[in-house]
Amino acid sequence: MGGKIELLDDKGNSVQADVFVQDRRITVDPCVAESAANCGLPGDKLASGERYTLNTQALPSVNGEHLSSKTEFKAMKTEPVVVQFQNVTDPGITEGNADLVLSKLNGQPVNGVILNSMLLGTTDASESSGGLYSELAYAPAFRPDEPLPIRVPRGTRLIGSSIDVKANGTVSVLDEDAGQSLRSGALNVITISDATGYLIPNPYTDHVDAPSHVRLFSDAAMITEAASTNTALTQNLPHIEMVGIARVTDGL
Amino acid sequence: MAVLKPNLLGREVADSTVAFQITADTSIDAQMEAFDNRAPDRDAPKLVSWSPGSDGKYDFMPDRDAMHRPGDPVTLFFDEPVLALSVESGVIQKAGASEVPVK
């Protein structure tokens, strides 16, 4: 097929990077850490103040046309960074709580994943649990009206609870081997590149207590534990754009 | 909040709206220790299923090779994402004793 995507530093040397391509989406995730296991952790950082070039050469499309482009950017200084552990709130779906923790944004139980489709109908909610380590740039180095970069390392895992598979959301599907209804097994979502984003000052008000806006871009893989559902659903979900709000209540 | 549109069985695009809520303890002590308490993932990926699959598992098609047409891909499903770089050197297909180039 040909084509080349490379990230060059200001001396023209190429920087080690993982490239994910799916359909029209491309992610270039540079990793300069000593080992692959440390990608996305504080040791993995482009040199601040240095100019980098993202070079795309003769990338073929399915129609046989080619794309070449060159983008230059300068890495900003973010040190010293803060790594904080964040816990995923338990909405109480698997415990059968009457008072589910609902999202202020869409009114649905938080961290519950419901799939709408013709094959499966509207599925029961799979409850995600886990935690993540997010890395925040040094806030005092940024102006109050500037977005503050955040990063979540690749390999961050959210574990979803198992759900019964039902055709059109109604008819139970039988697992022949077990003689029981087919269950998905743990439904895991794992990030495959470092998720990056920003804490953005609230654009609608100057009030200091107003929640900041959050924007996070991530590439994830979805995987289920049971073999037959794994084959049906396992896939990469590149370029997930998440929007949200961040605020402090009772020290959390 | 995000919208996910996963493929189902390669036939249908499902949609899902997810609203995550994550909280962090803002006390300094908890956050200073957070990174040191991190538990790295040391489990290797495991093969969950593959196509054409092992012979003799199902009565209706015990010989799985008979299902596999020339040109069909061999598909492997793992329980976690595999690093793309490792696949190039880590996956080898053999015909008898000789290696078959894979893409």
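Consider A:LEU132 carefully, then state whether it is crowded, with 19+ Cβ neighbours inside 10 Å, not hydroxyl-bearing (Ser, Thr, Tyr) and not assigned by TED's automatic domain parsing to the domain that holds A:ASP44. Considered against the rule, which asks whether it is crowded, with 19+ Cβ neighbours inside 10 Å, not hydroxyl-bearing (Ser, Thr, Tyr) and not assigned by TED's automatic domain parsing to the domain that holds A:ASP44, A:LEU132 comes out as yes. Scan region A:96-129 for residues that are under 19 Å from the mean Cα position of the chain (by Cα) and either among the aliphatic types (A, V, I, L, M) or not assigned by TED's automatic domain parsing to the domain that holds A:ALA232 (or both) and the total you get is 5.
So that you can scan it fast, the table gives a plain yes or no per residue for (1) outside any strand (DSSP E or B); (2) surrounded by 15 or more Cβ atoms within 10 Å (Cβ to Cβ); (3) free of Cβ contacts under 8 Å to residues at least 24 places away in the same chain:
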site	(1), (2), (3)
A:ASP177	yes, no, yes
A:ASN188	no, yes, no
A:SER193	yes, yes, no
A:GLY197	no, yes, no
A:ASN202	yes, yes, yes
A:HIS213	no, yes, no
A:ALA221	no, yes, no
A:SER228	yes, yes, no
A:ALA232	yes, yes, yes
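Only residues that are surrounded by fewer than 14 Cβ atoms within 10 Å (Cβ to Cβ) and farther than 19 Å from A:THR196 by Cβ were counted in region A:52-103, giving 17.
Could you tell me whether any residue of region B:45-52 is touching a strand residue (DSSP E or B) at 6+ places or on another chain (Cβ under 7 Å) and modelled with pLDDT under 80? Looking through region B:45-52, none of the residues is touching a strand residue (DSSP E or B) at 6+ places or on another chain (Cβ under 7 Å) and modelled with pLDDT under 80. Considering region B:36-103, the qualifying strands (runs of 3 or more DSSP E), each wholly inside and each with 2 or more residues that are touching a Phe, Trp or Tyr at 6+ places or on another chain (Cβ under 9 Å) and among the hydroxyl-bearing types (Ser, Thr, Tyr), run over B:47-51.
Each residue in region A:84-114 was checked for being closer than 26 Å to A:HIS213 by Cα and either facing chain B (nearest Cβ under 9 Å) or touching a residue at least 40 places away in the same chain (Cβ under 8 Å) (or both), and 21 of them qualify.
Of all the numbered requirements in (1) at pLDDT 85 or above; (2) not in a strand (DSSP E or B), A:PRO42 misses one, and that requirement is (1). Looking across A:ASP9, A:ASP29, one residue alone is touching a Phe, Trp or Tyr at 6+ places or on another chain (Cβ under 8 Å) and in contact (Cβ under 8 Å) with a residue 60 or more places away in the chain. It is A:ASP29.
The values are calculated or read from the model by the stated rules, or taken from the named source; none is laboratory data. As the structure is a prediction and not an experimental result, all values here were calculated from the model. Every residue, glycine as well, gets a Cβ built from its backbone with ideal geometry; the counts of neighbours run over all protein chains shown.
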